[in-house]
Amino acid sequence: MNGIVNSFELQQIRSKSQDNLKSIVVMITILSGFCLLYNAHLIFQWDYKIIIIYCCVSSFTIMVHKLLKSRNLSQYCCFNIFESLLLISYLLSIVYYIEIEKVNINFISYAQLVLQFLILSVTVLVNRSTSDSDTLDQSFQIQEILIAAFKSISALQLVFVSLRITEQITWGWIQTLIIIWFLLGLSFVIAICLLIDILQKCRNKQDGIEEDKKSIIIQGGIWLNLISFGITLVPFTTLFGCALNYDFKVIQLNQYAFGLTILYYLLQLAYFYKFKQKLMQEINNNRVITFYIMIWLRAIYMLNNKYNKLIKIKIKLKIEYN
């Protein structure tokens with residue numbers, strides 16, 4: 001009986017890991033498509049409404065996918081529906097503001113900001129109430145909290161963008177997109193850490209690990225590095241080129257970004273399909289994504305223990321000194 005239960009739990013973990021792998025590929029595809037269309041808009045003067053339609057269709061598709069996947073109307077499902085509808089309304093209001101009438105579109109971005117911080121609060125409270133679980137569940141809980149925090153900060157960026165579009169603020173676009181620069185800078189630091197980690201793994205012999213397992217870990221690490229640099233460099237070159245174009249009429253960076261987007265997506269797609277089975281095998285055995293999450297959690301745990309020990313030593317020295 002225990003064997004059947006363990007087999008069922010293992011199958012659930014494998015299914016969830018495969019869903020995460022597919023979600024990452026879809027995320028990279030949507031992001032690359034957005035960057036490609038935006039660069040084409042600036043370089044070839046494509047209509048900006050193509051980008052708006054693309055974002056609306058992507059948001060609506062993601063909403064429908066989450067609804068079909070959840071199979072019931074939970075609190076997260078309701079939040080996702082409101083989130084997607086507000087984002088679509090915000091994008092369409094930009095078109096209405098530019099093409100038809102100068103109306104106040106800031107209240108939609110305010111509502112989006114309030115909703116995202118509400119989702120973040122609910123996510124933190126729910127995960128705190130279920131914190132007494134195994135390490136794998138805790139890793140997924142941390143993932144949910146980080147995603148909610150990222151969306152909340154991004155919603156604040158939407159407020160700045162809407163204020164800039166309606167000329168409520170007179171900043172340049174480089175200053176207006178300051179939150180994006182912060183998020184991309186944080187992503188770049190994570191990408192550098194992942195790069196250092198995979199370089200150390202390639203250099204070290206890693207005694208005690210079989211060669212096939214070692215190659216799978218290294219290939220999974222290389223794929224993670226491709227993802228981390230892709231979600232950092234491609235959006236940065238696109239958006240920074242956009243800011244330079246709007247502020248100083250400089251178009252050269254977007255030309256490079258256009259080619260970089262195509263090159264990166266083809267490289268990432270080729271690598272994924274070349275090592276797809278090994279990546280699937282590694283994720284099924286919880287050694288790629290979960291491997292890095294486990295290391296991250298263990299590092300936090302060790303730092304927390306060292307910090308507590310340091311506090312105890314300081315308190316002890318203070319008592320002895322007195």
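The values are calculated or read from the model by the stated rules, or taken from the named source; none is laboratory data. Predicted model, so just to flag it, every value in this text is computed and none were measured. Glycine gets a Cβ as well: all are built from the backbone with ideal geometry, and neighbour counts include every protein chain shown.
Please tell me if Val64 is modelled with pLDDT under 90, among the aliphatic types (A, V, I, L, M) and either within 17 Å of Gly230 (Cβ to Cβ) or within 17 Å of the chain's Cα centre (by Cα) (or both). Taking the combined requirement at face value, the residue does not satisfy it. Of the residues screened, Phe160 is not one that is within 30 Å of Lys274 (Cβ to Cβ) and crowded, with 18+ Cβ neighbours inside 10 Å.
Answer yes or no: is there a residue in the range 73-81 that is in a loop (DSSP other than H, G, I, E, B) and modelled with pLDDT under 90. Break it down stepwise before answering.
We begin by selecting, within the range 73-81, every residue in a loop (DSSP other than H, G, I, E, B); these are 73-74.
Within this subset, residues satisfying the condition of being modelled with pLDDT under 90 are 73-74.
Within the range 73-81 (the criterion being in a loop (DSSP other than H, G, I, E, B) and modelled with pLDDT under 90), the answer is yes, since at least one residue qualifies.
Applying a threshold of 6 Å to beta carbon distances and a minimum spacing of six or more residues, or different chains, the list of pairs starting in the range 259-288 at a residue that is within 12 Å of Trp223 (Cβ to Cβ) and aromatic (Phe, Trp, Tyr) and ending at one that is at pLDDT below 95 and surrounded by 16 or more Cβ atoms within 10 Å (Cβ to Cβ) reads Phe275/Gln219. Scan the range 27-54 for residues that are under 19 Å from Phe236 (Cβ atoms), hydrophobic (A, V, I, L, M, F, W, C) and under 21 Å from the mean Cα position of the chain (by Cα) and report the count. The total comes to 9.
When you look at Leu42, is it at pLDDT 90 or above, in contact with a Gly (Cβ under 8 Å, 6 or more places away or on another chain), surrounded by 13 or more Cβ atoms within 10 Å (Cβ to Cβ) and among the aliphatic types (A, V, I, L, M), yes or no? Yes.
Ala243 - would you say it is modelled with pLDDT of 90 or more, in a helix (DSSP H, G or I) and out of contact with any Cys (no Cβ under 8 Å at 6 or more places or on another chain)? Spelling it out, Ala243 is indeed modelled with pLDDT of 90 or more, in a helix (DSSP H, G or I) and out of contact with any Cys (no Cβ under 8 Å at 6 or more places or on another chain). Suppose the filter is in contact (Cβ under 8 Å) with a residue 60 or more places away in the chain and under 23 Å from Leu91 (Cβ atoms); does Leu244 pass it? Criteria not met by Leu244. Within the range 46-53, identify whether any single residue is at pLDDT below 85, surrounded by 14 or more Cβ atoms within 10 Å (Cβ to Cβ) and not hydroxyl-bearing (Ser, Thr, Tyr), and answer yes or no. No, because not a single residue in the range 46-53 is at pLDDT below 85, surrounded by 14 or more Cβ atoms within 10 Å (Cβ to Cβ) and not hydroxyl-bearing (Ser, Thr, Tyr).
Phe258 - would you say it is modelled with pLDDT of 65 or more, in a helix (DSSP H, G or I) and touching a Cys at 6+ places or on another chain (Cβ under 9 Å)?
Numbers: modelled with pLDDT of 65 or more: yes; in a helix (DSSP H, G or I): yes; touching a Cys at 6+ places or on another chain (Cβ under 9 Å): yes.
Taking the combined requirement at face value, the residue satisfies it.
Considering each of Leu87, Leu37, Leu92, Leu42 in turn, give the residue that is free of Cβ contacts under 8 Å to residues at least 24 places away in the same chain and aliphatic (A, V, I, L, M).
Numbers: Leu87 fails: free of Cβ contacts under 8 Å to residues at least 24 places away in the same chain; Leu92 fails: free of Cβ contacts under 8 Å to residues at least 24 places away in the same chain; Leu42 fails: free of Cβ contacts under 8 Å to residues at least 24 places away in the same chain.
So the residue among Leu87, Leu37, Leu92, Leu42 that is free of Cβ contacts under 8 Å to residues at least 24 places away in the same chain and aliphatic (A, V, I, L, M) is Leu37.
State which residue is nearest to Tyr246 (Cα to Cα) when the search covers only the range 154-182 and only residues that are part of a helix (DSSP H, G or I) and among the hydroxyl-bearing types (Ser, Thr, Tyr). So, considering only residues that are part of a helix (DSSP H, G or I) and among the hydroxyl-bearing types (Ser, Thr, Tyr), the one nearest to Tyr246 (Cα to Cα) is Thr176.
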